[in-house]
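> Have a look at this one before I ask anything.
The values are calculated or read from the model by the stated rules, or taken from the named source; none is laboratory data. Quantities reported herein were computed from a predicted structural model and do not represent experimental measurements. We place every Cβ from the backbone using ideal geometry, glycine too, and count neighbours over all the protein chains shown.
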Amino acid sequence: MSVPPFVPTAPAGGPRTHAAAGSPPFRANNELALHVPDPVAAARFYEEVLGGRVVERAPDCVEVASGALRLFLLRDPARTHDAVVPSFDVPDRAAALARLQAAGCTLVPIGPHAPDGVYVRDPFGVVFDVVERARPAGRPPHAAEPAR
């Protein structure tokens with residue numbers, strides 16, 4: 001069986017938007033939550049072996065930066081979902097969660113570091129997070145990121 005080559009459908013450098021009218025915009029970000037038994041040991045690995053830089057430390061979370069990527073090493077000794085969790089920014093988390101549930105997604109507990117928090121599991125079993133963030137002033141929804 002041959003697989004046809006991937007052909008991008010969005011203009012180069014432009015965002016892809018397939019959201020239905022009235023649905024909250026979802027925008028991928030550069031953050032990954034990594035659920036590990038020992039965030040301090042994991043941070044040491046990401047610093048010493050992969051050249052990352054610790055940005056912030058908390059009792060159950062160490063944030064590591066590496067280029068444009070942000071890794072949140074979260075203490076989770078008895079993981080109940082994927083170890084790596086990508087995230088999407090949304091302007092209204094409650095509306096986004098309702099839309100996702102209506103589309104067949106389920107909510108799963110994040111873990112012991114956030115006992116009241118939930119991630120989303122899509123109908124295909126993939127777990128991700130939605131993070132509520134306000135748009136910068138004067139920036140329309142789905143605007144391309146400024147050049148850095």
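> Taking Gly104 as the residue in question, decide whether it is at pLDDT 90 or above, under 22 Å from Glu132 (Cβ atoms) and assigned to a loop (DSSP other than H, G, I, E, B).
So Gly104 fits the description; yes.
> Based on what the data block shows, is Arg79 over 21 Å from Asn29 (Cβ atoms), at pLDDT below 95 and in contact with an Asp or Glu (Cβ under 9 Å, 6 or more places away or on another chain)?
Answer is no for this residue.
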